[in-house]
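Chemist: Here it is, the structure, as structure tokens.
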Amino acid sequence: MIKLHLFKPAPSTSRETIKSVPRWSPPPEGTVHINVDAALFSPSRRMGIGIVIRNHRGESPVACSELIQEVTTPEIAEALALRRALALARDEGFDKLVIASDCLSVVQRVNSSEDDRSMVGVVIQDIKALASLFGVF
């Protein structure tokens, strides 16, 4: 399962409390947790990808960042980042994954059983094909 991971701290009027600090939850032993994010740089029509893979001990055996040209929409950027994360996990030999993304629309499209005929649909198909290679939790 590819899950939505959004951190929204509780509003504070004075100072930040320990409760608003995000906490990482380790995946089950034998499973890796992959955090994926993308950023658009509109004036230059580029996007950046950031991927961090952690094991159940919190160690990060693999991380990746890339710059891709000619991407202009946030949803396509997030989908490309997710596809790259799955390809990286496959190349590194991981077989059980938990994936976290902060893009609700991409997560919903990937988890949907319907064909996606949108602009991002081809990338969503690639993500689904790659995800089928893993035990995704």
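Chemist: Condition (residue is modelled with pLDDT of 90 or more, closer than 29 Å to Ser112 by Cβ and either aromatic (Phe, Trp, Tyr) or not in a loop (DSSP other than H, G, I, E, B) (or both)) applied to region 1-9: is it met by at least one residue?
Modeler: The answer is no; no qualifying residue exists.
Chemist: Which one of the conditions (1) assigned to a strand (DSSP E or B); (2) more than 19 Å from Asn55 (Cβ to Cβ); (3) aliphatic (A, V, I, L, M) does Val110 fail to meet, given that it meets all the rest?
Modeler: (1)
Chemist: Please go through region 116-137 and pick out each residue that is among the small types (Gly, Ala, Ser) and crowded, with 19+ Cβ neighbours inside 10 Å.
Modeler: Hit for region 116-137 is Ala131, nothing else.
Chemist: Looking at Val110, Val120, Val98, can you tell me which residue is within 20 Å of Pro27 (Cβ to Cβ), out of contact with any Ser or Thr (no Cβ under 7 Å at 6 or more places or on another chain) and touching a residue at least 40 places away in the same chain (Cβ under 8 Å)?
Modeler: Going through Val110, Val120, Val98 in turn, the sole match is Val110.
Chemist: Quick one: count up the residues across region 28-67 that are in contact (Cβ under 8 Å) with a residue 40 or more places away in the chain and not small (Gly, Ala, Ser).
Modeler: Number of matching residues: 9.
Chemist: Out of Ser113, Ser101, Ser65, Ser42, I need the residue that is buried (at least 19 other Cβ atoms within 10 Å of the Cβ) and polar (S, T, N, Q). Which one?
Modeler: Unique residue meeting the criteria: Ser101.
Chemist: So, one more: Going by the conditions given, is Leu88 in contact with a Cys (Cβ under 8 Å, 6 or more places away or on another chain) and closer than 27 Å to Ser44 by Cβ?
Modeler: Yes, satisfied.
The values are calculated or read from the model by the stated rules, or taken from the named source; none is laboratory data. Everything numeric here is computed off the predicted structure, so don't read it as measured data. With ideal geometry, Cβ positions are generated from the backbone for all residues, glycine too; neighbour counts draw on all protein chains shown.
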